[in-house]
Amino acid sequence: MLGVEISRKTVPARGGPRTVIAGLRFALQENEIVALVGPSGCGKTTLLRMIGGLDTRYEGRIAWAGDTAPRIGTVFQEPRLLPWRTVRQNIALVRPPDPAEAEALLALLGLVPYADLHPPALSLGMARRAAIARAFAIRPALLLLDEPFVSLDPAMAEQGRSVLATAWRTRRCAALLVTHDLAEAASLADRILLLSEGPARVVRELLVPEGSRRRGIAEGARVAAAIT
């Protein structure tokens with residue numbers, strides 16, 4: 001579905017351009033979830049922005065099957081919901097209104113009790129869940145997830161991972177998940193790509209056993225310990 005070959009990506013910095021990605025290569029298959037795990041500041045978010053078409057200033061190529069980018073849904077670290085619209089209205093914004101579709105997503109992600117609330121009334125965990133619903137509403141072929149559960153307490157993060165896994169099983173698509181948590185990566189992904197300190201490159205690939213995928217953070221921690 002996707003082939004990434006970034007020979008060099010620089011960003012402005014004091015003293016001159018700084019290289020954040022160099023010699024990074026990987027591929028993503030249809031309906032596969034790949035986690036990108038690496039230290040803070042190594043270029044993970046920058047890489048997602050490049051794949052999503054938000055940053056085109058790099059040396060290398062991002063190649064799509066069929067030569068055109070598919071429909072892409074993105075979940076940022078910050079939910080980025082419009083505060084003057086309700087949860088239901090935020091979801092409806094990304095596609096022509098379809099009440100049945102919106103209600104199905106609200107139910108799937110446990111958002112029915114919060115559907116008519118505005119984002120300032122939501123906890124961070126619920127706001128991020130609404131952002132996941134919005135991303136799935138466009139029925140993406142590729143989902144980009146930039147640390148969607150960072151800074152949540154363990155219980156809320158586990159609930160978020162659970163509803164994400166449920167949504168993915170119901171609405172299959174490929175996904176790239178950026179995280180710094182190896183246990184989280186092993187609880188959700190089919191493969192894990194370990195990235196180096198910046199400039200980022202893939203230093204190791206880990207395959208998550210099929211029977212262990214999307215079975216919760218406790219199983220993810222066990223698998224992470226076994227495969228590293």
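The values are calculated or read from the model by the stated rules, or taken from the named source; none is laboratory data. Predicted model only: the values in this text are computed from it and were never measured. Cβ atoms come from the backbone with ideal geometry, glycine included; neighbour counts cover every protein chain shown.
For segment 147-186, which residues satisfy the criterion of being under 17 Å from Phe76 (Cα atoms) and basic (Lys, Arg)?
Arg161, the sole residue that qualifies.
Taking segment 198-214 as the search range and keeping residues that are among the aliphatic types (A, V, I, L, M) and in contact (Cβ under 8 Å) with a residue 60 or more places away in the chain, which one is nearest to Thr19 (Cα to Cα)? Walk me through it before giving the result.
Filtering segment 198-214 for residues among the aliphatic types (A, V, I, L, M) gives 200, 202-203, 206-208.
Now narrow it down to the ones that are in contact (Cβ under 8 Å) with a residue 60 or more places away in the chain: 200, 202.
Numbers: Ala200: 9, Val202: 15 Å.
Per the stated criteria, the residue is Ala200.
For segment 129-153, how many residues are of a type in the set (Gly, Ala, Ser), assigned to a loop (DSSP other than H, G, I, E, B) and in contact (Cβ under 8 Å) with a residue 60 or more places away in the chain? Steps first, please.
Pass one, segment 129-153, residues of a type in the set (Gly, Ala, Ser): 130-131, 133, 135, 137, 141, 151.
Now restrict to residues that are assigned to a loop (DSSP other than H, G, I, E, B): 141, 151.
If we keep only those that are in contact (Cβ under 8 Å) with a residue 60 or more places away in the chain too, we end up with 141.
Qualifying residue count for the region: 1.
Exactly one condition in (1) assigned to a helix (DSSP H, G or I); (2) in contact with a Gly (Cβ under 6 Å, 6 or more places away or on another chain); (3) modelled with pLDDT of 90 or more is not met by Met156; state its number.
(3)
Testing Pro120 on (1) more than 30 Å from Ala65 (Cα to Cα); (2) surrounded by fewer than 17 Cβ atoms within 10 Å (Cβ to Cβ); (3) at pLDDT below 90; (4) not basic (Lys, Arg), one condition comes back false. Which one is that?
It fails just one condition, (3).
Does Val4 fit the bill of being free of Cβ contacts under 8 Å to residues at least 40 places away in the same chain, over 16 Å from the mean Cα position of the chain (by Cα) and surrounded by 12 or more Cβ atoms within 10 Å (Cβ to Cβ)?
Working: free of Cβ contacts under 8 Å to residues at least 40 places away in the same chain: no; over 16 Å from the mean Cα position of the chain (by Cα): yes; surrounded by 12 or more Cβ atoms within 10 Å (Cβ to Cβ): yes.
The answer is no for Val4.
Give all pairs with beta carbons closer than 8 Å in which a residue from segment 215-227 that is within 21 Å of Ala167 (Cβ to Cβ) meets a residue that is among the acidic types (Asp, Glu); count only pairs at least 6 apart in sequence or on separate chains.
Here the result reads Gly216/Glu158; Ile217/Glu158; Ile217/Glu184; Gly220/Glu184, each pair linking segment 215-227 to a residue that is among the acidic types (Asp, Glu).
State the number of residues belonging to segment 182-205 that are of a type in the set (A, V, I, L, M, F, W, C) and touching an Asp or Glu at 6+ places or on another chain (Cβ under 6 Å).
Kept after step one, since they are of a type in the set (A, V, I, L, M, F, W, C), are these residues of segment 182-205: 182-183, 185-186, 188-189, 192-195, 200, 202-203.
Keeping just the survivors that are touching an Asp or Glu at 6+ places or on another chain (Cβ under 6 Å) gives 193.
Adding up the residues that qualify gives 1.
For Arg134, all conditions in the list (1) modelled with pLDDT under 90; (2) out of contact with any Phe, Trp or Tyr (no Cβ under 9 Å at 6 or more places or on another chain); (3) among the basic types (Lys, Arg) hold save one; what is the number of the exception?
(1)
What pairs can you find where one residue is in segment 71-91 and within 14 Å of Ile51 (Cβ to Cβ), the other is in a loop (DSSP other than H, G, I, E, B) and hydrophobic (A, V, I, L, M, F, W, C), and their Cβ atoms are less than 8 Å apart, with a gap of 6+ or different chains?
Qualifying pairs under 8 Å: Arg71/Ile138; Arg71/Ala141; Ile72/Ala141; Gly73/Ile138; Gly73/Cys173.
Considering only segment 195-215, how many residues are surrounded by fewer than 17 Cβ atoms within 10 Å (Cβ to Cβ), of a type outside the set (D, E, K, R) and modelled with pLDDT of 90 or more?
Residues flagged as surrounded by fewer than 17 Cβ atoms within 10 Å (Cβ to Cβ), of a type outside the set (D, E, K, R) and modelled with pLDDT of 90 or more within segment 195-215 amount to 3.
How many of the residues in segment 159-176 are in contact with a helix residue (DSSP H, G or I) (Cβ under 9 Å, 6 or more places away or on another chain) and outside any helix (DSSP H, G or I)?
Within segment 159-176, residues that are in contact with a helix residue (DSSP H, G or I) (Cβ under 9 Å, 6 or more places away or on another chain) and outside any helix (DSSP H, G or I) number 4.
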